[in-house]
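What follows is a set of notes on a single structure, which appears directly below.
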Amino acid sequence: MRLDYALFDQHLVSSREKAKALILKNQVLVNKIVISKPSFIIKEDDQIELIATNLFISRAGEKLGAFLENHLIDFKEKVVLDVGASKGGFSEMALLKGAKKVLCVDVGKMQLDKNLKKDKRIECYEECDIRAFKTTEKIDLVLCDVSFISLYCILEAILPLSNEFLALFKPQFEVGKAVKRNKKGVVMDKEAILNALENFKNHLKTKDFQILTIQESLVKGKTGMLNFLSISSEPEIKSLAIGKFDGLHLGHQALFKELKDPKALLIIEKKHYTKGYLTPLKYRAKLVGMPLFFVYLEEISQLNALDFLELLKKKFPNLERLVVGYDFKFGYQRQNDALFLKEHFKESIIVPEVKVQNISVHSKMIKLALSHGDLLLANKLLGRYYEVCGEVISDQGLGHKELVPTLNIKTKDFILPSFGVYASLVKIKDQIYQKSVSFIGNRLSADQNFAIECHVLDAIIENPPKKLALRWVEKIRDNMHFHSLKELKNQIQQDILMAKEILR
């Protein structure tokens with residue numbers, strides 16, 4: 001395993017970006033030796049130690065790093081403009097993610113980190129209002145983190161510079177002076193915040209731009225809630241991948257690698273699909289970090305091949321590159337395959353079959369593995385831990401007084417693993433993933449009701465969150481019936497020990 005992945009997997013850091021930063025700054029020891037390559041391969045018995053942990057030059061870098069953990073935004077070889085650069089937290093993260101150059105613009109002076117100033121990939125523009133900024137560079141991506149000014153005031157200056165933006169939306173500067181705030185100036189009216197976001201979204205549409213993602217920052221600001229907005233021009237898509245993309249697994253990821261900017265996904269979906277998803281639609285949009293377009297299977301299944309091509313050209317008039325899997329079929333009774341596209345389309349890429357342990361990577365294979373509780377296989381095919389998100393509901397069972405404290409979860413639209421007990425990782429609010437043990441199934445020894453319960457290991461959760469994300473790591477045992485509370489307690493303690501062993 002790579003060293004940067006190992007740091008994250010062993011919960012020594014909160015993100016892979018932070019792991020990479022630590023390694024590049026010579027702050028990681030492997031067997032008492034400093035290692036400076038993130039790709040360094042470690043063995044199971046290698047000892048990893050951190051010399052220092054707080055290496056981002058500002059909280060802005062932590063905020064962006066946490067956002068990028070769940071959103072795929074490509075920085076590689078891009079020229080990035082950092083508006084409101086300040087110390088350079090966003091700029092540092094952009095360089096870590098592979099940016100070719102970062103232009104740092106700020107109205108202040110003497111703020112940018114001295115090491116960033118020395119970096120040849122950084123151009124510093126101090127005492128410069130973005131509304132007066134001029135450059136001959138072609139800007140690929142704009143990052144924006146400004147204070148004491150509304151985003152509305154600078155839109156006319158930044159929108160012509162690029163087609164892609166990532167901005168922090170700060171309610172205290174966007175909702176107006178009349179909205180209720182606390183003594184620290186934090187906006188308390190959530191409805192006003194939502195209205196401000198909706199108004200900003202509609203305003204962008206008048207400028208031919210759209211918000212692709214609205215994500216509350218996982219690292220809180222000092223003045224309350226912050227939202228990351230991923231913004232793109234109304235897309236003139238030139239590169240398109242077609243499929244269902246339910247699993248976002250290794251096979252799908254192979255397709256994504258063949259896309260070139262400006263890119264998008266065309267998702268083929270059944271109209272009334274009720275069987276559940278590996279990745280429900282709203283989570284899919286967050287994970288892929290590019291525009292999603294949808295067509296219903298029922299609407300295209302009767303089209304002949306040429307009509308389908310005509311539909312694509314009409315919907316995406318600037319399309320140059322088409323990417324599909326080797327098994328892609330379309331048209332009436334699925335009579336046409338990917339080879340037809342290659343014959344009739346300017347640039348068609350057919351991605352070959354992806355295999356793991358000689359098993360073809362397909363969503364149906366992942367679903368089969370989940371149905372058998374084989375999370376080791378499912379996670380390998382996914383290329384990540386299988387994750388389920390849900391709401392925390394009030395305690396349904398015996399609770400911490402009789403057994404151990406648990407968070408009870410209600411999910412919607414997710415396919416769930418087979419009934420039993422699992423070693424897991426849970427993310428609560430803005431925290432990093434914590435080790436846990438989770439149960440799913442009917443409580444055979446209690447009220448017979450279905451439940452998903454998560455016990456966080458070696459931690460006390462005083463204020464239960466409203467939502468959480470649960471990663472399923474490995475199955476410990478099947479669901480069982482116990483004849484007494486004592487017997488159940490003993491088994492739970494064994495489950496906890498087994499989970500700790502798996503997650504150590």
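Readers should treat all values here as calculations from the given coordinates under stated rules, not as data from a laboratory. A quick note: this is a predicted structure, and the numbers were derived from the prediction, not measured. Cβ placement follows ideal geometry from the backbone for every residue including glycine, while neighbour counts extend to all protein chains displayed.
Please give the contour-minus-distance gain from Ser348 to Glu44: 0.36 nm per residue of separation, less the Cα-Cα distance, rounded to one decimal in nm.
On the way: separation 304, 0.36 × 304 = 109.44 nm, distance 4.21 nm.
Here the segment from Ser348 to Glu44 would lengthen by 105.2 nm.
Count the lysine pairs in the range 3-50 whose Cα atoms sit under 15 Å apart, keeping only pairs 8 or more residues apart in sequence or on different chains.
Values: Lys18/Lys37; Lys20/Lys37; Lys25/Lys37; Lys32/Lys43.
Value for the range 3-50: 4.
Test of the criteria: in the range 2-59, which trypsin sites (Lys or Arg not before Pro) are in a DSSP loop and have at most 16 other Cβ atoms within 10 angstrom of their Cβ? Walk me through the intermediate numbers first.
Details: sites: Arg2, Arg16, Lys18, Lys20, Lys25, Lys32, Lys43, Arg59; in loops: Lys25, Lys32, Lys43.
For trypsin sites (Lys or Arg not before Pro) across the range 2-59 that sit outside H, G, I, E and B with at most 16 neighbouring Cβ atoms in 10 Å, the list reads Lys25, Lys32, Lys43.
May I ask which of Lys364/Lys466; Lys205/Lys257; Lys180/Lys201 have a Cα-Cα span longer than 24 Å here? If you can, show how the numbers build up before the last one.
Numbers: Lys364/Lys466 31 Å; Lys205/Lys257 29 Å; Lys180/Lys201 22 Å.
From Lys364/Lys466; Lys205/Lys257; Lys180/Lys201, over 24 Å: Lys364/Lys466; Lys205/Lys257.
What length, rounded to one decimal in nm, is gained on full extension from Leu457 through to His483, with 0.36 nm per residue of separation minus their alpha-carbon distance? It would help to have the intermediate numbers written out before the result.
Numbers: separation 26, 0.36 × 26 = 9.36 nm, distance 2.55 nm.
Result for the pair: 6.8 nm of gain on full extension.
Can you list, largest first and rounded to whole Å, the semi-axes you get for the range 59-233 by taking the square root of 5 times each eigenvalue of its Cα gyration tensor?
Values: eigenvalues 128, 63, 51 Å².
Three semi-axes, in Å: 25, 18, 16.
Report, to one decimal in Å, the Kirkwood hydrodynamic radius for the chain based on all distinct Cα pairs.
Numbers: mean 1/r = 0.0397 Å⁻¹.
Every distinct Cα pair counted, the radius reaches 25.2 Å.
Once you order the gyration tensor axes a ≥ b ≥ c over the Cα atoms, which shape class does the range 385-503 get: rounded for a/c under 1.5, otherwise prolate or oblate by comparing a/b with b/c? Intermediate values should be presented prior to the final figure.
Numbers: a/c = 1.34, a/b = 1.30, b/c = 1.03.
Rounded.
From the Cα trace of the range 270-385, what convex hull volume per residue do you get, rounded to a whole Å³? Write out the running numbers ahead of the final one.
Values: hull volume 15.9 nm³, N = 116.
Convex hull of Cα atoms, per residue: 137 Å³.
Semi-axes, largest first, in whole Å: what does sqrt of 5 times each Cα gyration tensor eigenvalue give for the range 1-151? Walk me through the numbers before you get to the answer.
Numbers: eigenvalues 197, 41, 37 Å².
The answer is 31, 14, 14 Å, longest axis first.
Kindly point out which whole DSSP H helices in the chain project their C-alpha atoms 24 angstrom or further along the helix axis while averaging a Kyte-Doolittle hydropathy of -0.5 or above.
Sorted by number, the helices that extend far enough and score high enough are 485-503.
Provide Rg over Rh for the range 3-50; use the alpha carbon set for both Rg and the Kirkwood Rh (inverse mean inverse pair distance). Can you show the working numbers first?
Numbers: Rg = 9.2 Å, Rh = 10.2 Å.
Dividing the radius of gyration by the Kirkwood radius yields 0.90.
Report relative contact order for the chain in percent, whole number only (criteria: Cα-Cα under 8 Å, sequence separation at least 6).
Numbers: 954 pairs, mean separation 44.5, N = 504.
Rounded, it is 9 percent for the chain.
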